[in-house]
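The values are calculated or read from the model by the stated rules, or taken from the named source; none is laboratory data. Since we're looking at a predicted model, the values are computed, not measured. Quick reminder, even Gly has a Cβ in these numbers, built from the backbone with ideal geometry, and neighbours come from all protein chains shown.
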Amino acid sequence: MTYPASAVASQDALPDNLVDRYSCAITLSDMEIFVYPELLYSLVLANIMSPVVWSWRDDPWFAKIDKLNPYRRILRLKQFIMDRYDFNLDLDSWGLTRKDVELERFRPVMDPEVIARSNALFGYTGDKYYFDIDIRRHFGLDKYDSEIIPYWKTETVEAMDAFCYREGYQKGAGECVSLSTLYAAALFVVCRIPLEQIFLMATPLHSQNFVTVNDGIMTNNRRIVTKNMWFNGTALTARAQRALRNEQVTLVAHCSGHVHVVYPQATIDSGAYQRFRHQLTDFMRTELSEEILCNFLRQHTALQSCFQLQHVRHGKTYWVGAENVYRHERGSAFKVGDRTTRDKLLDEVDEYDFQPQPLAGRIALERLEDFFKRHPQVDLERESVQTALLQEFDCDQAAACKLIEDLRSFIRVQPRLPDLQAKEPVPTAEPLALGVDMERDEIIEQLETLRRHHPVADLAFYAYRDLGRCDWRPFVHAALTRNPVCAVGTEGLCDDTLIETLQGLTGESIYSDARLAQPDEVWNFQRGDGLERALCLAAIWRRRHPHADLALQVTPGQARLVVDGRSVDFPSCKGLSQDLVL
């Protein structure tokens, strides 16, 4: 197996054998990004070119953002994204396909057995956690035949915003890859974080970013995670850790290139990758302290019953089970692990939870405080430290050993990253050379000049959906073959009613300029320019009548779909011209 070679053709006609691959930059399904890893960064660049992301700079929420330090800028962006978008993994959004169809489609590029071992949609279940939860049931796929899989297309920022038009949604929405690529673009455009500091990580079941600001910041769906947060033991953080704790990182993408666990070649800069690996590993490790132990118990609720805390009330000492204190902590401003406020937290605990005598068989957290004073550097990798800590745990030896092993796992996560040393380096012909001080027009012009030599820059214009700068065939191919939602949604309409329905939709595109929505976007959001609605009609007609003669005639003000000699006209504002036999 070899890494798929890139052939860049800019707006010139693509070779026939590249049409399907370039069409993947249009649909951007999770499986397509897995097979063609350069697509991930092409969407980042498409969002960087988007006027939507640049308009955020003028939002009052970001007023004077340049006066903030990088971390504070990222916090403001996080709140903006949380307020603007929901996380969405609804199976109905982009429809379903079949494993055998997709495996056959990708067979010339990647061995089907390799895909099945590494990709969640084709049989991968991950480590024990994912096996235990039954991954198909977890995603709602258990109601379908085992051969049925979702498309799970990655949305552009425009498609994410357009979810507000869909029934049941009040604001924008997107899945994890959509949110990670949007975060990367907005970090650059709005927060002015250099692209060199932003790394995108994809596992078989998740996508998130690592940003080398301060001790490191991880974007995870709509939220961010700092190093302190990584070890706070909350349920939110445990979910954020899930992928990196349980999965192999399949793909790391960066402005310098990418490395993929399957392909033997890598384009990412080795120096940048080593810095990333080192900083990510440091981010996922910490030293054991009393606070970290308390955070550990917050996450491992089953172990709370092994511990107790003492507290003086009205001049008398009482004891309370740790689980009672942690339960009360959820609604309090005070934390168990904060010695400066722990007494205030205990004051809030109901007096009926306290006992006048120590609870039998429980370890006193206060006793461990002395241990941490005697051992300011607790290295659990050292046998002497483990022995000393075991002596403090006044409980069953096997249980104490298990507790220490769980502690080690809590404070030491080793990310499983692709091994760059085992890859053949294939540097990109030219760097992207995009700076935070560049304006949008400069960035688009720079990417345009790179297209003939830089595969990701070229694919970015296809992900951007710019039909004024691209070969139309990949877009039309994707429209006719990978848009099942519009066909399913109109099954109850006869042909004439279908035409009337599409002609009656809101004549407004979710994309600006000469950029086009795919048919399922038109149907999901019930709107589209006339050219987009004509293509939507073509996609549905092809599913209904596979042998029909279809032709598309586009002028700057009109789109005409000719169906077996019958003309259906739609007004268009896209300013494009094209004649195609579909």
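Checking Ile193 against (1) assigned to a strand (DSSP E or B); (2) of a type in the set (A, V, I, L, M, F, W, C); (3) in contact (Cβ under 8 Å) with a residue 24 or more places away in the chain, only one condition comes out false. Which one?
Among (1) assigned to a strand (DSSP E or B); (2) of a type in the set (A, V, I, L, M, F, W, C); (3) in contact (Cβ under 8 Å) with a residue 24 or more places away in the chain, Ile193 violates only (1).
Residues to consider are Ile499, Ile510; find the one that is crowded, with 18+ Cβ neighbours inside 10 Å, assigned to a helix (DSSP H, G or I), of a type in the set (Val, Ile, Thr) and touching a residue at least 40 places away in the same chain (Cβ under 8 Å). Walk me through it before giving the result.
Values: Ile510 fails: assigned to a helix (DSSP H, G or I).
The match here is Ile499.
Only one residue in Glu491, Glu521 is within 24 Å of Ser50 (Cβ to Cβ) and either outside the structural domain of Trp152 (by TED's automatic domain parsing) or among the acidic types (Asp, Glu) (or both). Which one? Steps first, please.
Values: Glu491 fails: within 24 Å of Ser50 (Cβ to Cβ).
Just a single option satisfies the conditions, and that option is Glu521.
Give Asp471, Asp458, Asp441, Asp419 a once-over and let me know the one that is in contact with a Lys or Arg (Cβ under 8 Å, 6 or more places away or on another chain), outside the structural domain of Ala548 (by TED's automatic domain parsing) and either surrounded by 19 or more Cβ atoms within 10 Å (Cβ to Cβ) or not hydrophobic (A, V, I, L, M, F, W, C) (or both).
Details: Asp471 fails: in contact with a Lys or Arg (Cβ under 8 Å, 6 or more places away or on another chain); Asp441 fails: in contact with a Lys or Arg (Cβ under 8 Å, 6 or more places away or on another chain); Asp419 fails: in contact with a Lys or Arg (Cβ under 8 Å, 6 or more places away or on another chain).
Testing whether each residue is in contact with a Lys or Arg (Cβ under 8 Å, 6 or more places away or on another chain), outside the structural domain of Ala548 (by TED's automatic domain parsing) and either surrounded by 19 or more Cβ atoms within 10 Å (Cβ to Cβ) or not hydrophobic (A, V, I, L, M, F, W, C) (or both) leaves just Asp458.
Out of all the residues in the range 404-439, which are assigned to a helix (DSSP H, G or I), farther than 17 Å from Thr286 by Cα and at pLDDT below 90?
So in the range 404-439, the residues assigned to a helix (DSSP H, G or I) come out as 404-411, 420-422.
Retained after the next criterion (residues that are farther than 17 Å from Thr286 by Cα): 420-422.
None - no residue of the range 404-439 is assigned to a helix (DSSP H, G or I), farther than 17 Å from Thr286 by Cα and at pLDDT below 90, so the list stays empty.
Please work out if Ser29 is closer than 18 Å to Arg469 by Cβ, assigned by TED's automatic domain parsing to the domain that holds Tyr183 and in contact with a helix residue (DSSP H, G or I) (Cβ under 9 Å, 6 or more places away or on another chain). Outline the logic, then answer.
On the way: closer than 18 Å to Arg469 by Cβ: no; assigned by TED's automatic domain parsing to the domain that holds Tyr183: yes; in contact with a helix residue (DSSP H, G or I) (Cβ under 9 Å, 6 or more places away or on another chain): yes.
It is false that Ser29 is closer than 18 Å to Arg469 by Cβ, assigned by TED's automatic domain parsing to the domain that holds Tyr183 and in contact with a helix residue (DSSP H, G or I) (Cβ under 9 Å, 6 or more places away or on another chain).
Kindly evaluate Ala559 against the criterion of being part of a strand (DSSP E or B), of a type in the set (A, V, I, L, M), touching a Leu at 6+ places or on another chain (Cβ under 9 Å) and under 27 Å from Glu155 (Cβ atoms). Walk me through it before giving the result.
Details: part of a strand (DSSP E or B): yes; of a type in the set (A, V, I, L, M): yes; touching a Leu at 6+ places or on another chain (Cβ under 9 Å): yes; under 27 Å from Glu155 (Cβ atoms): yes.
In short, yes.
Does Gly468 satisfy the criteria of being more than 27 Å from Arg21 (Cα to Cα), over 27 Å from the mean Cα position of the chain (by Cα) and in contact (Cβ under 8 Å) with a residue 24 or more places away in the chain?
Numbers: more than 27 Å from Arg21 (Cα to Cα): no; over 27 Å from the mean Cα position of the chain (by Cα): yes; in contact (Cβ under 8 Å) with a residue 24 or more places away in the chain: yes.
The answer is no for Gly468.
What tally of residues in the range 270-283 results from selecting those that are surrounded by fewer than 20 Cβ atoms within 10 Å (Cβ to Cβ) and touching a strand residue (DSSP E or B) at 6+ places or on another chain (Cβ under 7 Å)?
From the range 270-283, those surrounded by fewer than 20 Cβ atoms within 10 Å (Cβ to Cβ) are 270-272, 274-275, 277-279, 281-282; that's our starting set.
Filter once more, so that each one left must be touching a strand residue (DSSP E or B) at 6+ places or on another chain (Cβ under 7 Å): 270, 272.
Matching residues across the range 270-283 total 2.
May I ask you to verify whether Ser93 is within 26 Å of Asn209 (Cβ to Cβ), polar (S, T, N, Q), outside the structural domain of Tyr165 (by TED's automatic domain parsing) and at pLDDT below 95?
no
Within the range 530-552, identify whether any single residue is part of a loop (DSSP other than H, G, I, E, B), out of contact with any helix residue (DSSP H, G or I) (no Cβ under 6 Å at 6 or more places or on another chain) and in contact (Cβ under 8 Å) with a residue 40 or more places away in the chain, and answer yes or no.
Checked against the condition, which is being part of a loop (DSSP other than H, G, I, E, B), out of contact with any helix residue (DSSP H, G or I) (no Cβ under 6 Å at 6 or more places or on another chain) and in contact (Cβ under 8 Å) with a residue 40 or more places away in the chain, the range 530-552 yields no hits at all.
Take Tyr326 and decide whether it is among the hydroxyl-bearing types (Ser, Thr, Tyr) and closer than 30 Å to Glu430 by Cα.
Details: among the hydroxyl-bearing types (Ser, Thr, Tyr): yes; closer than 30 Å to Glu430 by Cα: no.
Judged against the criteria, Tyr326 is not a match.
Does the range 553-563 contain at least one residue that is of a type outside the set (Lys, Arg) and touching a residue at least 40 places away in the same chain (Cβ under 8 Å)? It would help to see each step written out before you state the result.
Within the range 553-563, the first condition is being of a type outside the set (Lys, Arg), and the residues that meet it are 553-559, 561-563.
Filter once more, keeping what is touching a residue at least 40 places away in the same chain (Cβ under 8 Å): none.
Scanning the range 553-563 turns up no residue that is of a type outside the set (Lys, Arg) and touching a residue at least 40 places away in the same chain (Cβ under 8 Å).
Please report, ordered by residue number, the helices (runs of 4 or more DSSP H) entirely within the range 243-340 with at least 2 residues that are at pLDDT below 90. Let's see the steps before the verdict.
Details: elements: 270-283, 290-299, 322-329.
In the range 243-340, the matching helices (runs of 4 or more DSSP H) lie at 290-299.
For residues that are in contact with a helix residue (DSSP H, G or I) (Cβ under 9 Å, 6 or more places away or on another chain) and part of a loop (DSSP other than H, G, I, E, B), scanning just the range 444-455, find the one that is surrounded by the fewest Cβ atoms within 10 Å (Cβ to Cβ). Please lay out each step first, then the result.
The initial filter retains those residues of the range 444-455 that are in contact with a helix residue (DSSP H, G or I) (Cβ under 9 Å, 6 or more places away or on another chain), namely 444, 446-452, 454-455.
From what's left, part of a loop (DSSP other than H, G, I, E, B): 451-452, 454.
Values: Arg451: 21, Arg452: 14, His454: 21.
That would be Arg452.
Being modelled with pLDDT of 95 or more and in a loop (DSSP other than H, G, I, E, B) is the filter here, so list the residues in the range 563-577 that pass it.
Ser572, Cys573, Lys574, Gly575, Leu576, Ser577
Given the criterion part of a helix (DSSP H, G or I) and under 23 Å from Gln518 (Cα atoms), identify the matching residue among Ile74, Ile81, Ile48.
Unique residue meeting the criteria: Ile48.
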